[in-house]
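Below is one structure, written out as structure tokens; the observations come after it.
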Amino acid sequence: MRTEMTEAVRPPWRQPYNLYRLFKYSVYSLLAVNVFLFFLEDYRASAAIFSDGVSWRNVVEAYSATIDTAAWVILLLLFELETAVIDDEKLEGSLRWVLFGIRAVCYFFIVYACYGYWVKWATVSQVLPFAIDDACSLIGSDFTWVEDLDEYIPIDAASCQQLNKEPLLQIAETQIIGTTTALTEAIRLAVVDIVNAMDWILVVLVLEIEVFLQPRGRLTDGMVSASKYLKVLMYSVLLACAIYWGIKGDFLDFWDAFMWLVAFVFIELNIFEWHGETGKGGGGVEPQPA
């Protein structure tokens, strides 16, 4: 059973406990704010891509980052509740089913958002040559230009001069144009979105197995050790995605990716502490009362 630990026996990373908890929940709060920031970014991008408006058929493509981040924030809070807040004996009966239902909904939207990243990649990858004598003639029109993935900006006097320097491409069935360089970078960023989303799904799959086995006394020390090395590999991929976003100047994606890594460090510490407290590292043998 999970119990409230005294200051003397808490692990080093939880001393002093109040400061640790304040920092942890501040990170969680910042991730919740990112939902709103991604909504603003998705809203601006969808206005350029879906000139006829967003319908239920393409909402996941238009708001994939918003849907993904919102579902992840809820899932993160569920992991926090199950690994650090709710006692083991209470994780039974109706509460367990309620948490399972909420988690299932979150996973549906996370997988749905991952599909949306695939669709977005397919959209920006469908480009056609765009020939025009002077891009400045498009000023005031409905055409926008690609500065970055999800960043489509109206053409003005400064940008049209830049567009005139390189051959132009147009995203099929849209009024979005861009240089070969810009659209190539947008496609690469779309691929990184897919890799990042799929890797996170693998991470939480491992975490779900641990959370399922731990209260049943089936999470052995060997399993914890094996999952640690597996997750080091998966977290390394996520860190590489964050670094790529940072290098390419997509600050929101970099900041969000970095904060998620920090947040899941807390979840990993919760599981490590939970496993140590219960004494269930010996292949499911319950500790005997003193």
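The values are calculated or read from the model by the stated rules, or taken from the named source; none is laboratory data. These numbers come from a predicted model, not from an experiment. Note that we place each Cβ from the backbone using ideal geometry, even for glycine, and neighbour counts take in every protein chain shown.
Table for the structure above
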read-out	value
Residue identified as surrounded by fewer than 20 Cβ atoms within 10 Å (Cβ to Cβ), in the same structural domain as PHE79 (by TED's automatic domain parsing) and not hydrophobic (A, V, I, L, M, F, W, C) among GLY93, GLY116	GLY93
Checking VAL192 against (1) at pLDDT 90 or above; (2) surrounded by fewer than 21 Cβ atoms within 10 Å (Cβ to Cβ); (3) over 30 Å from ASP134 (Cβ atoms), the condition it does not meet	(2)
One residue from THR83, THR144 being crowded, with 16+ Cβ neighbours inside 10 Å, outside the structural domain of ILE267 (by TED's automatic domain parsing) and hydroxyl-bearing (Ser, Thr, Tyr)	THR144
Inter-residue pairs, beta-carbon under 9 Å, first in contact (Cβ under 8 Å) with a residue 40 or more places away in the chain and in the stretch 153-177, second buried (at least 19 other Cβ atoms within 10 Å of the Cβ) and acidic (Asp, Glu), 6+ apart	none
ALA104 vs. criteria modelled with pLDDT of 90 or more and under 30 Å from ALA71 (Cα atoms)	yes
All positions within the stretch 66-85 that are without any contact (Cβ under 8 Å) to a residue 40 or more places away in the chain and either over 28 Å from ASP253 (Cα atoms) or not hydroxyl-bearing (Ser, Thr, Tyr) (or both)	ALA70, ILE74, LEU78, LEU81, VAL85
Any hit, the stretch 100-112, residues being surrounded by 13 or more Cβ atoms within 10 Å (Cβ to Cβ) and either touching a Pro at 6+ places or on another chain (Cβ under 8 Å) or outside the structural domain of ALA263 (by TED's automatic domain parsing) (or both)	no
Hits in the stretch 157-173 - residues which are within 20 Å of ASP42 (Cβ to Cβ) and at pLDDT 90 or above	ILE171
Unique match (being farther than 30 Å from THR179 by Cα, assigned by TED's automatic domain parsing to the domain that holds GLU208 and within 15 Å of the chain's Cα centre (by Cα)) among ILE67, ILE74	ILE74
Set ILE201, ILE139, ILE177: member being surrounded by 18 or more Cβ atoms within 10 Å (Cβ to Cβ), modelled with pLDDT of 90 or more, on the phi < 0 side of the Ramachandran plot and not aromatic (Phe, Trp, Tyr)	ILE177
Unique residue being touching a helix residue (DSSP H, G or I) at 6+ places or on another chain (Cβ under 7 Å) and over 15 Å from ALA197 (Cβ atoms) when the list is LEU75, LEU91, LEU95	LEU91
